[in-house]
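To start, the structure under review is shown below, and the notes come after it.
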Protein chains: 2
Amino acid sequence: MTDEERKFLDAYDASAFAGPLATVDMAIFCIREDALHVLLIKRGNHPDKGRWALPGGFVDTSRDADTHATALRKLSEKTGVKTPYLEQVVTVGGADRDPRGWALTVLYFALIDHAALSPANENVEEAEWVEVHEALERELAFDHRELLTRAARRLAYKARYSALPLRLLPAEFTLVETQRVFEILLGARLEKKSFRRRILAADIVEETGQTRPSARRPAQLYRLTREIEEDFAFPGLIHTKPALL
Amino acid sequence: MTDEERKFLDAYDASAFAGPLATVDMAIFCIREDALHVLLIKRGNHPDKGRWALPGGFVDTSRDADTHATALRKLSEKTGVKTPYLEQVVTVGGADRDPRGWALTVLYFALIDHAALSPANENVEEAEWVEVHEALERELAFDHRELLTRAARRLAYKARYSALPLRLLPAEFTLVETQRVFEILLGARLEKKSFRRRILAADIVEETGQTRPSARRPAQLYRLTREIEEDFAFPGLIHTKPALL
DNA sequence: TAAATAGTGTCTCTCAGACAGTATGGG
DNA sequence: CCCATACTGTCTGAGAGACACTATTTA
């Protein structure tokens, strides 16, 4: 760094500019009761006090190293889950979306295994797992209906060609359960043989050797053989347009 | 709005919070000289004065209705192009990416037809179209190398399953030219028959009836039959992993 | 008519969909 | 042994890759 540059930076006052409000919002998804659910929080403060909203909050420039850290912090506060799948969806910024001023929010979605929820789940705030279609019919705070739509659409879209939905399952799962998760996300029935061929050919799961006890024939349990990354795509598409949204 | 809420908003001072700096950066792509090029600007101010950078700037909360408007404004300033294809790539925010403070940038990429550039192209600032691989070898300002990588990767990825690269072509184009654009983005040769079958089956182009004059057999000109949207995907993938990045 | 590029016919191989069949448990 | 669910065998059709072939222009 040159002296000239140092002098410039010393004289620079970042707070002199009226920048936008910067927040992170999260669509935290899990599967319960054979349906996709999202976590909603009842707002305790103005504006939109009393409305249901996606969990989120201001970027704390003194605590958060980056926006990903903000999202992880929010998620941990609300659910106790530390290692979810976390993916940035979109950033929405504009003058009209928050009465406090020009507001910019970075939207993430998180996928968690419902069973992994810690007791910290039941917070001081009123929180509720809501089936996604029902959530979209509520009068959500700000533009959160649009945000939730974007997040759910992204997730549904990815179910067509990626292994992402596996992150909604517990560490050990059966292929029938896996198929059901994909069907929920896609809003369509899938053909069993094709589904199993595809997922086994993708070489991302392996048998544990254990079976899930059942009143009928017990199903083989599988586990992941590697982490599912954001860009992991299967060969082949499921030729179903997601019905969701 | 309730009286209570109005009172809350009147008392609210958005500038009381030290929020992050909010900027928009753009990777503006076009095809020239049989290669993908990106527009770089030489920074005239500190920090990183003199370094090449992606065009961008602060969100102006008094002028820009939303981030999309910021991006369009920047694009118009730099290239004179008003109706590009514009897509948000990612938002990167963190404490260490800008010496002025915690900085958050929304990254967009734009696709333009090189021929559509207005004379306003040659601005007061020093600007240059740089071949993408060469740009990635330069010492770019801030974390712009990472940003450019993200934008180029997104574009290359989409070339596998979407019609997006058509937005790099002029209003009338031949199928051979189209194929070449895909090949540049994918970094691989494509099989002519398969490519033509796919793009014709997608029902997004139609013959104009004109041909492109040539010293050899003239090629049929085509035009788009509809706008290419962000989520428009073909049936079938090109089973080539993009070599680019 | 040669050269060069535009564009086509057609075989093959892969893989998703369909669906009937087999396997394995509990009552 | 019956039922329900897990899982497999195998046919078929659609579509991508390969590549040789034809078409159309100028020099």
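The values are calculated or read from the model by the stated rules, or taken from the named source; none is laboratory data. These numbers were taken from a predicted model, which means no experiment stands behind them. No Cβ is skipped: glycine too gets one built from the backbone with ideal geometry, and neighbour counts run over all protein chains shown.
Figures for the structure shown
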| item | result |
| --- | --- |
| Answer from B:Ala159, B:Ala151, B:Ala163 - the residue that is within 29 Å of B:Lys42 (Cα to Cα), of a type outside the set (Phe, Trp, Tyr), buried (at least 19 other Cβ atoms within 10 Å of the Cβ) and within 16 Å of the chain's Cα centre (by Cα) | B:Ala151 |
| Residue in the stretch A:173-189 that is charged (D, E, K, R) and touching a helix residue (DSSP H, G or I) at 6+ places or on another chain (Cβ under 8 Å) present | yes |
| Residue tally, condition without any contact (Cβ under 8 Å) to a residue 12 or more places away in the chain and more than 10 Å from DNA strand C (Cβ to nearest atom), over the stretch A:178-199 | 1 |
| Filtered residue count, the stretch B:33-65, keeping only those that are over 23 Å from B:Asp96 (Cβ atoms) and either more than 14 Å from chain A (Cβ to nearest Cβ) or hydrophobic (A, V, I, L, M, F, W, C) (or both) | 9 |
| Looking only at the stretch A:182-238, and only at residues there that are of a type in the set (Asp, Glu) and either within 14 Å of DNA strand D (Cβ to nearest atom) or within 14 Å of chain B (Cβ to nearest Cβ) (or both), the one that is nearest to B:Arg154 (Cα to Cα) | A:Asp231 |
| Which numbered condition B:Arg160 fails, given (1) farther than 26 Å from B:Glu134 by Cβ; (2) assigned to a loop (DSSP other than H, G, I, E, B); (3) within 14 Å of chain A (Cβ to nearest Cβ); (4) within 14 Å of DNA strand D (Cβ to nearest atom) | (1) |
| Subset of the stretch A:35-53 [part of a strand (DSSP E or B) and either small (Gly, Ala, Ser) or under 17 Å from A:Lys78 (Cα atoms) (or both)] | A:Ala35, A:His37, A:Val38, A:Leu39, A:Leu40, A:Ile41, A:Lys42, A:Trp52, A:Ala53 |
| Positions within the stretch B:66-92 being without any contact (Cβ under 8 Å) to a residue 12 or more places away in the chain and facing chain A (nearest Cβ under 8 Å), in sequence order | B:Asp66 |
| Some residue of the stretch B:117-136 being part of a helix (DSSP H, G or I), touching a residue at least 24 places away in the same chain (Cβ under 8 Å), among the small types (Gly, Ala, Ser) and buried (at least 22 other Cβ atoms within 10 Å of the Cβ) | yes |
| Test: A:Thr61 is hydroxyl-bearing (Ser, Thr, Tyr), more than 30 Å from A:Phe234 (Cα to Cα) and surrounded by 19 or more Cβ atoms within 10 Å (Cβ to Cβ) | yes |
| Of residues in the stretch A:213-228 being of a type in the set (A, V, I, L, M, F, W, C) and surrounded by 14 or more Cβ atoms within 10 Å (Cβ to Cβ), the one nearest to DNA strand C (Cβ to nearest atom) | A:Ala219 |
| Within the stretch B:93-107, considering residues that are over 22 Å from the mean Cα position of the chain (by Cα) and of a type outside the set (A, V, I, L, M), the one farthest from the other protein chains (Cβ to nearest Cβ) | B:Asp98 |
| Lone unmet requirement of (1) outside the structural domain of B:Thr79 (by TED's automatic domain parsing); (2) part of a helix (DSSP H, G or I); (3) not small (Gly, Ala, Ser) for B:Gln210 | (2) |
